[in-house]
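Asker: Starting off with a structure, shown below.
What follows is calculated from the coordinates using simple rules that are stated; it is not laboratory data. Since the structure is predicted, the reported quantities are computational estimates derived from the model, not experimental observations. Every residue, glycine among them, receives a Cβ derived from its backbone with ideal geometry; neighbour counts consider all protein chains shown.
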């Protein structure tokens, strides 16, 4: 076993965001192929509502309160 200092873990935030976009893209294309434009738009709107809900929840728990 190695002895010595353990280095910092790499920051994979940018890679995670990019892969989220790639995965979202192929899922929406798959939905478009199966259910057409209406299905893809419906899922996109649901995802948008969910993200807005998460943002509101985060702001409600923030201290000091965040105002826009």
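Asker: Between residue 50 and residue 30, take the C-beta separation as r, use R0 = 30 Å, and let me know the FRET efficiency to the nearest 0.05. Let's see the in-between values first.
Answerer: Working: r = 19 Å, r/R0 = 0.63.
Using R0 = 30 Å, I get an efficiency of 0.95.
Asker: Between the stretch 25-68 and the stretch 1-23, what is the C-alpha centre distance in whole Å?
Answerer: Between the Cα centres of the stretch 25-68 and the stretch 1-23 lies a distance of 26 Å.
Asker: Hey, with R₀ at 25 Å, roughly what FRET efficiency would residue 18 and residue 63 work out to, going by the Cβ-Cβ distance, to 0.05?
Answerer: On the way: r = 32 Å, r/R0 = 1.26.
About 0.20, to the nearest 0.05.
Asker: Mind sorting out which of (i) 1.22; (ii) 1.03; (iii) 0.95 is the real Rg/Rh (Cα atoms, Kirkwood Rh) computed from the coordinates?
Answerer: Identified label for the calculated read-out: (i).
Asker: Right, here's the next one. How far is helix 13-61 tilted, in degrees, relative to the longest principal axis of the Cα atoms in the chain, given as a value from 0 to 90 rounded to the nearest 10?
Answerer: Between helix and principal axis, roughly 50 degrees.
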